[in-house]
Amino acid sequence: MSSIIRLDKLKKEYPVGKDFITALSDINLEIEAGEIFGIIGASGAGKSTLVRCLNLLEKPSDGHVYFEDVDLATLGAKELNKARQSISMIFQQFNLLMQRNVLKNVMFPMEIAKVPKEERKKRAMELLELVGLSDKAKVYPAQLSGGQKQRVAIARALANNPKVLLCDEATSALDPTTTREVLQLIKEINQKLGITVVIITHEMMVIESICNRVAIIAESRIAEIGAVKDIFAKPATEAGRRLVYPDGERNIDFGNSRCIRIVFDGRSSFEPVIANMILDCKEPVNIIYANTKNINGTATGEMVIQLAKDDKVFDKVFAYLKARNLSVEEVKGYVE
Ligand code: ADP
């Protein structure tokens, strides 16, 4: 794979009075052609700024944005527009044209690109078929549900054959079921059309559902970057932990006991491991948290077990689990 987007020491500052706010600092990352790459971070972390820098809607204060190995800052207006057409976007609020029907919304970018009328109608109908809305061509956006509106926005974003689809909090206004459906559609588009997808979100669930790799942004910097499965199994930073652990779990009071977090990666099942461990180690454990997920088709789960406050017991159980090739770590420090 080769990188389609590369950011090199990207920095963005906004002037605020006589001072500056640093929204992005020392951002280095490569997005590979054909992958689904996630960018996650809490509100104010710098995600929107990063997205706007990707297609140079926002001019970086320092550093470079490369698209297909070309530094976007070196392009003239015409070439930059062409590059921008290759990087399409969908948004949280859909941004549809309310006075135009669905078909005409999808045709709109082709009008701007001066595609002949018959051709744009044909292509728009094909795209509506792709997103499952052929029967809504003549309907106006106000008559559509949120999920349907986002489907129209996706069809419109694909109109000029982009190479990259940027999804900026594209499912944040949708309910969980509709979110899953829209994410599934985005995944299909990635697979069928080979379009590189960049997902910007504050929700770990979105990343887990469809992304191959993820960059975690915290306080204007990349805290962690890697395969979703690896980061989920063992977040290396505080920012990573905060995203991987659901809100509820952080409220659990671990007290003085020692706890182990076990990550199952689909190679072993939960019941026998825990049951056998109790039988073999002859130590009682308290399961204080358990959660299973489906990440890219692989069943993955995590469990936090609490042990008696005795280092020997801890070492024995820890060694037992490690010997079974499970990813284990002691957890305590992240309780807020
Ligand atoms: P996120 O999308 O992760 O919520 P943003 O990129 O919107 O984060 O913001 C990152 C930081 O930059 C925040 O502190 C925000 O207040 C600041 N910021 C964003 N846009 C502007 C702007 N146009 N002017 C001044 N500060 C801004």
Within the chain, which DSSP H helices have Cα atoms that stretch 24 Å or more along the helix axis and a mean Kyte-Doolittle hydropathy of at least -1.0? 176-193
Post the alpha-carbon centroid distance, the range 53-79 to the range 196-227, in whole angstrom. 22 Å
Among 260, 305, 287: highest mean-square fluctuation, GNM of the chain, C-alpha pairs under 10 Å: 287
Just how large is the dipole of the chain about the Cα centre, in debye to the nearest 20, putting +1 at every Lys and Arg Cβ and -1 at every Asp and Glu Cβ? 1140 debye
Springs between alpha-carbon atoms under 10 Å, Gaussian network over the chain: tell me which of 211, 167, 281 tops the mean-square fluctuations. 281
Computed P(r) (all Cα pairs; the chain; 10 Å bins; percent): 5, 22, 27, 22, 14, 7, 2, 0
Select from 291, 143, 262 the residue farthest towards the positive end of the dipole of the chain; place +1 on Cβ of Lys and Arg, -1 on Cβ of Asp and Glu, and compute about the Cα centre. 143
How large, in percent, is the carbon and sulfur part of the accessible surface of the chain at a probe radius of 1.4 Å? 49 percent
If you add up the charges near residue 3, with Lys and Arg at +1 and Asp and Glu at -1, over every other residue whose beta carbon is less than 9 angstrom from its beta carbon, what do you get? -3
Among the listed pairs 78/104; 163/187; 282/316; 104/138; 229/332; 11/163, which are separated by more than 18 Å between their Cα atoms? 78/104; 229/332; 11/163
Hey, if you put +1 on the Cβ of every Lys and Arg and -1 on every Asp and Glu Cβ in the chain, which of 46, 319, 75 ends up farthest toward the positive end of that dipole? 75
With point charges of +1 on the Cβ of Lys and Arg and -1 on the Cβ of Asp and Glu, referenced to the Cα centre of the chain, which listed residue (279, 170, 88) lies farthest in the positive direction of the dipole? 88
With +1 on each Lys and Arg Cβ and -1 on each Asp and Glu Cβ, and nothing else charged, work out how big the dipole of the range 21-60 is about its Cα centre, in Debye to the nearest 20. 260 debye
Per residue value of the accessible surface for the chain (all protein chains in place, 1.4 Å probe), Å²: 49 Å²
Which of the aspartates and glutamates could a cross-linker bridge to residue 47, judged by Cα under 15 Å and excluding same-chain residues fewer than eight apart? 13, 26, 58, 168, 169, 203, 219, 224
Remind me, relative contact order of the range 113-262 in percent, using alpha carbon pairs under 8 angstrom and six or more residues apart? 14 percent
So for 79, 111, 329, what's the accessible-area order with a 1.4 Å probe, most first? 79, 111, 329
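The values are calculated or read from the model by the stated rules, or taken from the named source; none is laboratory data. Computed from a predicted structure; not experimentally measured. Neighbour counts are summed over all protein chains in view; Cβ atoms, including those assigned to glycine, are modelled from backbone coordinates with ideal geometry. To get the accessible areas, we keep the full protein, side chains included, count just its heavy atoms, and leave off ligands, DNA and RNA. Shrake-Rupley method; radii C 1.70, N 1.55, O 1.52, S 1.80 Å.
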